[in-house]
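Enquirer: Dropping a structure here in structure tokens format, bear with me for questions.
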Amino acid sequence: MSASVGRLKILGLVFIFGLLAACGPGNTINLLPPPPIPASTIPAPNAPSVTVVNFADDRLDPATLGVRRDGSAFATKDNVSLWISRALADELARNGLRVTFANSTAQARSGNPDYLVTGQVNEARLKESSATEISSQIRVSCELANRKGKLWSESCNSSQSRSHLPGAASADNLFQDTMRDLVKTVAGKIIATIEKTK
């Protein structure tokens, strides 16, 4: 009887570990949209106009977002540079600026904004160390210019690691949180530079 109980316990443990492995993040990462801008957020009439241009993607493989512990790649069908640059535009709008979005610098300049934000995605990466450990890093180079020329440029990054219960959305949520942290930092630097030039 004890041998049967022992075998059942072992089978139970194997089953549980199998479930944990199966519940880990999948290889496809969904780039979750940032929260919507509250309807109450209205820019002041004299707020400067800012156009954010869709960032370039300088990564070797724009569809890949790092590596899983088994050596396979995290990937996404979404556009990483568009996701980050639109989130930055939303964050600037949340802070009271009059913000528009453009797909190219030429399109942005045709609107004659007070300020122009351009940038490149240098790194966007997830790394799964175990079934319960995952880390992320996003790095961008940004530039702010007015009609006279460049005012500020900097490489900014955000990284986070997380211990979590296995779950399919854990990687998606971590990547979104890392992006939100990054765009808050970048938006703060842009707003501080604009304030200095007033």
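The values are calculated or read from the model by the stated rules, or taken from the named source; none is laboratory data. All values reported here derive from a predicted model rather than from experimental measurement. Using ideal geometry, Cβ is built from the backbone for each residue, glycine included, and neighbour counts are taken over all protein chains shown.
Enquirer: Within 30 Å of ASP70 (Cα to Cα), of a type outside the set (Lys, Arg) and out of contact with any helix residue (DSSP H, G or I) (no Cβ under 8 Å at 6 or more places or on another chain): is that true of GLU143 in this structure?
Expert: In short, no.
Enquirer: Filter segment 134-152 down to the residues that are surrounded by 14 or more Cβ atoms within 10 Å (Cβ to Cβ) and of a type in the set (Gly, Ala, Ser) and list them by number.
Expert: Within segment 134-152, SER135, SER136, SER141, ALA145 meet the criteria.
Enquirer: Restricting attention to segment 129-161, and to residues there that are more than 29 Å from ASN54 (Cβ to Cβ) and not small (Gly, Ala, Ser), which single residue is modelled with the highest pLDDT?
Expert: Restricting to residues being more than 29 Å from ASN54 (Cβ to Cβ) and not small (Gly, Ala, Ser), the top hit is GLU133.
Enquirer: Taking the options ALA108, ALA131, name whichever one is under 29 Å from ILE29 (Cα atoms) and either surrounded by 14 or more Cβ atoms within 10 Å (Cβ to Cβ) or touching a residue at least 12 places away in the same chain (Cβ under 8 Å) (or both).
Expert: After applying the criteria, what remains is ALA131.
Enquirer: Restricting segment 64-78 to residues that are buried (at least 18 other Cβ atoms within 10 Å of the Cβ) and not hydroxyl-bearing (Ser, Thr, Tyr), which is farthest from LEU32 (Cα to Cα)?
Expert: The extreme case among them is ARG68.
Enquirer: Got a sec? Which strands (runs of 3 or more DSSP E) wholly within segment 22-139 have at least 1 residues that are of a type in the set (A, V, I, L, M, F, W, C), within 22 Å of ILE194 (Cβ to Cβ) and in contact with a helix residue (DSSP H, G or I) (Cβ under 9 Å, 6 or more places away or on another chain)?
Expert: 49-53, 98-102, 115-130
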